[in-house]
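Structure below; questions to follow.
The values are calculated or read from the model by the stated rules, or taken from the named source; none is laboratory data. What you see is a predicted model, and the numbers here were worked out from it, not measured in a lab. In this analysis, Cβ positions are derived from the backbone assuming ideal geometry, glycine residues included, and neighbour counts consider all displayed protein chains.
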Amino acid sequence: MLFEDPVFSSRMLTILTLSFHAIYATIGVGVPLMIMIAQWVGIKKNDEHYLLMARRWARGYVITVAVGVVTGTAIGLQLSLLWPNFMELAGNVIALPLFMEVFAFFFEAIFLGIYMYTWERFKNQRKHLLFLIPVSLGAAFSAFFITIVNSFMNAPQGFDIVNGELINVNPLGAIFNPAMPTKVAHVVATAFMTAAFTLSSIAAFQLLKGSNHVYHKKALFLTMKIGLIFSIATAVIGDFSGKYLAEYQPEKLAAAEWHFETEGNAPLVMFGILDDEQNIKYALKFPYLLSILAHGDPNAEVIGLDQFSNFESPPLYIHYFFDIMVAIGVFMILLALIYWIGVKRGWAFINQKWFRMLIVLGGPLSFIAIEAGWWLTEFGRQPWILRGIMTTGEAATSSGHVGLMLILFAILYLILGIGTIVILRRLFKNNPVERELENRLGGEQS
Amino acid sequence: MSLEIIGISVLWIFLFGYVIVGSIDYGAGFFNAYSILSGKQHILSKIIQRYLSPVWEVTNVFFVFFFVGIVGFFPKTAFYYGTTLLVPGSIAIILLAIRGSYYAFETYSSKGHKGYAFMYGLSGLLIPASLSVVLAISEGGFVSMVDEHPVLNYVALFKSPLSWSIVVLSITAVLYISAVFLTWYANQTGDTDATNLMRKYALFWAFPLIITACGIIYELSYHNQEHFERILNLWWMFALSFLLYVGTVWLIWKRKNYGLAFGLLVGQFLLAFFGYGISHYPYLLYPYLSIYDSFTNEAMAISLIIVFILGLALLLPSLYLLIKLFLFDKDYVKGQNAK
């Protein structure tokens, strides 16, 4: 199948590249804001710990940026290599945000270079911090523009097709499609959330390993607080996403919820399994919740899969992607909230081993949620690559070599993934916080 | 000037930018690896790394700009080149990925690691080789239409003297451009040993460069008669380019004004690159695709050009700042202010 069917292997290669790139892209978009906040707090409080935090995070960040840049280049080219028919059409309508993304990325790259090599150049730390602003902006805008392209695939507009001819193209109309606001906001907010929880996971890990240094405690508290804010924001935006789907892509929402019959008072189904007659078993059902998610009204009618042909229905396994994403999101909000209240109220258990282990788990869990979210939206758009206009099968390349390329790229990503872990470990293990603090403070006194 | 011409000119200028900054970058990676493996690390590595470290990502963006821009302005290229370039394109991506990440691994974590330096040095030479194959394909004769789908004839491409001479030219050009630039850069830093070594490399690669460049024009006379004749019509551009080349070599030979030498080199490549581009007009892929039948709609073309102008307004000052801080800052290039 891998070698005979270019459509199947093109899909597999795209999933592979996107899933791998999503990890680095999320770090790339989220972490600059964390560095900025840490450096800002450090300057404000004149606290060497926060300044060192910014430095160390930035040092790890450039490694992930490098891999993010090359995997981003990969997906950028693969769009044309694997989906030439789609890109020919998309090039005519949605090329504008793609083009803007390059500029945002350009901007980010230039200032990241400046920021990384000017730590000691300015007497006034604030000036150095200024260089980080274009880095964060460039990163966030890259995500913003590229997600616009994805939202266009879900809700294409800004053109007409008459007798197979593309006419009345309106590039701005294509950009401001109905899927855009919720999707863009969701991607950016989850990137900040995931970056924050990843850094808190690292801090908690250091504390678990026995370091009792106040540096890690400060890092943990700061990042959990930021994570809490963005996880709540994510949930709110997620609710709006549900309303968008109900209105514009009801088949995706219905498949994700296993909502087969169009009806009011619809319950939200979590997990469970389907038997041969599509009866739901062993599931958690939250009454009225799907109606609320879809329309903000417990009695509202939610369109079910009965309104769609088999051809138009997305695969039902996306239900699990939705469940994983939402379950992790809720878990992270609760974890961060309990931690935050616990710090304020002086609850002892938040410093205990088991709770810190949960925080360590939060980093990888957030990434799983990101991946599940992307799989939900991508598989949930099937059979379309451009909803209602072009199917994934029509878009794919006719080249017979995709299977071989898939194997080559799988090896490449394995090498890059292992490389990143080895390098990051070496970078921080050989230069622990305690020693670096000593060196820096010692240097200042002399 | 028609929108088509504006579009292709913008893209060609950026591609030229990539040829220059990319060559410096790829060649520098190679010289760095070579110096580490041949025990001359103490002479070269510091200079090369001081230049490379802050700018490598910027180099990559020039390339991304080109391939995103060409699909924007000429969407049909996605169909023709997207389908035919799957294998060479994927190989180029893999090489770029290895190079970019191993560069970061070496620079930010394991300075002087031989394996990493070797990986990114070698992949840097293979990238221009794999990318330049596209130029050979664009000359026609390697792509045929089967069931309305373009299919690349790998065997013909592999056996063609034209494609091999383009590959060899791309590699020699990378090494020559990079050596001339680094001679100048090393001289700026006041490092005599590094200057002398790079000067030697620059002179070494000057001769193969001009031989391979002439070789391509010769091969083209057999491969694509029409293109060859258009090149002859533009003979003055190539003649001028050759004079600039002589100027560069002479200055470097005489150890005079390396800055001007590099300036002449940019002029030499600019003339040759545009002479080639203009003579290629109007074809993007001979004979299937011209800039006219592949062009996007007017609304998109105009909005792309507006965004391009706005983008430049943002980028040029930023690039100026980057260059000012790292290339022309006396303290930085001399290493007094390095991290």
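Which condition breaks for B:Ala92 when tested against (1) touching a Phe, Trp or Tyr at 6+ places or on another chain (Cβ under 9 Å); (2) more than 7 Å from every other protein chain (Cβ to nearest Cβ); (3) not β-branched (Val, Ile, Thr)?
Result: B:Ala92 passes all but (1).
Could I ask something else about it? Kindly indicate which of B:Tyr283, B:Tyr292 is more than 9 Å from every other protein chain (Cβ to nearest Cβ), at pLDDT 85 or above and in contact with a Leu (Cβ under 8 Å, 6 or more places away or on another chain).
On the way: B:Tyr292 fails: in contact with a Leu (Cβ under 8 Å, 6 or more places away or on another chain).
Only one candidate qualifies: B:Tyr283.
Among the helices (runs of 4 or more DSSP H) lying completely within region A:78-166, list those that include at least 3 residues that are small (Gly, Ala, Ser) and either touching a residue at least 24 places away in the same chain (Cβ under 8 Å) or more than 10 Å from chain B (Cβ to nearest Cβ) (or both). So that I can check it myself, show each step before the final result.
Values: elements: A:84-93, A:95-116, A:125-130, A:132-154.
In region A:78-166, A:95-116, A:132-154 are the helices (runs of 4 or more DSSP H) which contain 3 or more residues that are small (Gly, Ala, Ser) and either touching a residue at least 24 places away in the same chain (Cβ under 8 Å) or more than 10 Å from chain B (Cβ to nearest Cβ) (or both).
Moving on. Would you mind stating whether A:Ile368 is more than 29 Å from A:Asn310 (Cα to Cα) and either part of a loop (DSSP other than H, G, I, E, B) or within 23 Å of the chain's Cα centre (by Cα) (or both)?
Details: more than 29 Å from A:Asn310 (Cα to Cα): yes; either part of a loop (DSSP other than H, G, I, E, B) or within 23 Å of the chain's Cα centre (by Cα) (or both): yes.
So A:Ile368 fits the description; yes.
With the checklist (1) more than 30 Å from A:His259 (Cα to Cα); (2) buried (at least 21 other Cβ atoms within 10 Å of the Cβ); (3) of a type outside the set (Val, Ile, Thr) in hand, flag the one item A:Ala395 doesn't pass.
(1)
Give the number of residues within region B:46-60 that are modelled with pLDDT of 75 or more and crowded, with 19+ Cβ neighbours inside 10 Å.
Counting residues in region B:46-60 that are modelled with pLDDT of 75 or more and crowded, with 19+ Cβ neighbours inside 10 Å gives 5.
Only one of A:Glu434, A:Glu438 is more than 8 Å from chain B (Cβ to nearest Cβ), among the acidic types (Asp, Glu) and touching a residue at least 24 places away in the same chain (Cβ under 8 Å); which? Talk me through it step by step, then tell me what you get.
On the way: A:Glu438 fails: touching a residue at least 24 places away in the same chain (Cβ under 8 Å).
From the options A:Glu434, A:Glu438, the qualifying one is A:Glu434.
Here's another thing I want to ask about it. For region B:260-276, give me each residue that is under 15 Å from B:Leu11 (Cα atoms) and surrounded by fewer than 17 Cβ atoms within 10 Å (Cβ to Cβ).
Listed by number, the list is empty, since nothing qualifies.
Still on this structure: Can you tell me which residues in region A:386-401 are of a type outside the set (A, V, I, L, M) and either outside any loop (DSSP other than H, G, I, E, B) or out of contact with any Leu (no Cβ under 7 Å at 6 or more places or on another chain) (or both)? So that I can check it myself, show each step before the final result.
Of the residues in region A:386-401, the ones of a type outside the set (A, V, I, L, M) are A:387-388, A:391-394, A:397-401.
Answer for region A:386-401, where residues must be of a type outside the set (A, V, I, L, M) and either outside any loop (DSSP other than H, G, I, E, B) or out of contact with any Leu (no Cβ under 7 Å at 6 or more places or on another chain) (or both): A:Arg387, A:Gly388, A:Thr391, A:Thr392, A:Gly393, A:Glu394, A:Ser398, A:Gly400.
Given the options B:Ile252, B:Ile231, B:Ile291, name the one that is crowded, with 16+ Cβ neighbours inside 10 Å and touching a Lys or Arg at 6+ places or on another chain (Cβ under 7 Å). Before you say what the answer is, go through the steps one by one.
Details: B:Ile231 fails: touching a Lys or Arg at 6+ places or on another chain (Cβ under 7 Å); B:Ile291 fails: touching a Lys or Arg at 6+ places or on another chain (Cβ under 7 Å).
The unique qualifying residue is B:Ile252.
Same structure again: I'm told B:Leu135 meets every condition in (1) surrounded by fewer than 21 Cβ atoms within 10 Å (Cβ to Cβ); (2) closer than 17 Å to B:Leu15 by Cα; (3) within 12 Å of another protein chain (Cβ to nearest Cβ) except one. Can you identify the failing condition by its number?
Unmet for B:Leu135, out of (1) surrounded by fewer than 21 Cβ atoms within 10 Å (Cβ to Cβ); (2) closer than 17 Å to B:Leu15 by Cα; (3) within 12 Å of another protein chain (Cβ to nearest Cβ): (3).
Between A:Leu13, A:Leu51, A:Leu33, which is within 14 Å of chain B (Cβ to nearest Cβ), on the phi < 0 side of the Ramachandran plot and in a helix (DSSP H, G or I)?
Result: A:Leu13 is the single residue among A:Leu13, A:Leu51, A:Leu33 that is within 14 Å of chain B (Cβ to nearest Cβ), on the phi < 0 side of the Ramachandran plot and in a helix (DSSP H, G or I).
Since A:Thr182 meets every condition but one in (1) more than 9 Å from chain B (Cβ to nearest Cβ); (2) in contact with a Phe, Trp or Tyr (Cβ under 7 Å, 6 or more places away or on another chain); (3) crowded, with 21+ Cβ neighbours inside 10 Å, which condition does it not meet?
(3)
Now a separate question. Identify, from the list B:Ser144, B:Ser132, the residue that is hydroxyl-bearing (Ser, Thr, Tyr), out of contact with any strand residue (DSSP E or B) (no Cβ under 9 Å at 6 or more places or on another chain) and over 20 Å from B:Glu57 (Cα atoms). Show your work before the answer.
Values: B:Ser144 fails: out of contact with any strand residue (DSSP E or B) (no Cβ under 9 Å at 6 or more places or on another chain).
After applying the criteria, what remains is B:Ser132.
Test each condition in (1) within 11 Å of chain A (Cβ to nearest Cβ); (2) surrounded by fewer than 17 Cβ atoms within 10 Å (Cβ to Cβ); (3) of a type in the set (A, V, I, L, M, F, W, C) for B:Val155 and report the one that comes out false.
(1)
Going through region A:222-242 one residue at a time, which ones are in contact (Cβ under 8 Å) with a residue 60 or more places away in the chain and under 26 Å from A:Phe260 (Cα atoms)? Before you say what the answer is, go through the steps one by one.
If we filter region A:222-242 for residues that are in contact (Cβ under 8 Å) with a residue 60 or more places away in the chain, which is where we start, we get A:222-228, A:231-232, A:234-235, A:238.
Within region A:222-242, A:Ala235, A:Gly238 meet the criteria.
Taking region B:60-89, which residues are facing chain A (nearest Cβ under 9 Å) and not hydrophobic (A, V, I, L, M, F, W, C)?
B:Asn60, B:Gly69, B:Gly72, B:Pro75, B:Lys76, B:Thr77, B:Tyr80, B:Tyr81, B:Gly82, B:Thr83, B:Thr84, B:Gly89, listed by residue number.
Please give the number of the condition A:Gly164 fails out of (1) modelled with pLDDT under 85; (2) crowded, with 19+ Cβ neighbours inside 10 Å.
Looking at each condition in turn, A:Gly164 falls short on (2).
Separate question: Regarding A:Leu82, is this residue more than 21 Å from B:Arg99 (Cβ to Cβ) and out of contact with any Pro (no Cβ under 9 Å at 6 or more places or on another chain)?
Numbers: more than 21 Å from B:Arg99 (Cβ to Cβ): yes; out of contact with any Pro (no Cβ under 9 Å at 6 or more places or on another chain): no.
No.
Restrict the check to region B:58-65 and report whether at least one residue is in contact (Cβ under 8 Å) with a residue 40 or more places away in the chain, over 27 Å from B:Tyr120 (Cα atoms), part of a helix (DSSP H, G or I) and not aromatic (Phe, Trp, Tyr). Lay out the reasoning, then the answer.
Residues of region B:58-65 in contact (Cβ under 8 Å) with a residue 40 or more places away in the chain: B:58-60, B:62-63, B:65.
Those left that are additionally over 27 Å from B:Tyr120 (Cα atoms): none.
No, that holds for no residue.
Within the group A:Val422, A:Val343, which residue is surrounded by fewer than 19 Cβ atoms within 10 Å (Cβ to Cβ), within 14 Å of chain B (Cβ to nearest Cβ) and either under 25 Å from A:Ala195 (Cβ atoms) or not hydrophobic (A, V, I, L, M, F, W, C) (or both)? Explain how you work it out, then say what you get.
Values: A:Val343 fails: within 14 Å of chain B (Cβ to nearest Cβ).
Selected residue: A:Val422, the only one of A:Val422, A:Val343 that is surrounded by fewer than 19 Cβ atoms within 10 Å (Cβ to Cβ), within 14 Å of chain B (Cβ to nearest Cβ) and either under 25 Å from A:Ala195 (Cβ atoms) or not hydrophobic (A, V, I, L, M, F, W, C) (or both).
In region A:203-262, how many are over 30 Å from A:Tyr317 (Cβ atoms) and aromatic (Phe, Trp, Tyr)? Before you say what the answer is, go through the steps one by one.
Taking region A:203-262 and keeping what is over 30 Å from A:Tyr317 (Cβ atoms), we get A:203-226, A:228-229.
Those left that are additionally aromatic (Phe, Trp, Tyr): A:205, A:215, A:221.
Selection size over region A:203-262: 3.
All but one of (1) out of contact with any strand residue (DSSP E or B) (no Cβ under 6 Å at 6 or more places or on another chain); (2) among the hydrophobic types (A, V, I, L, M, F, W, C); (3) buried (at least 20 other Cβ atoms within 10 Å of the Cβ); (4) modelled with pLDDT of 90 or more hold for A:Leu172; which doesn't?
The failed condition is (3).
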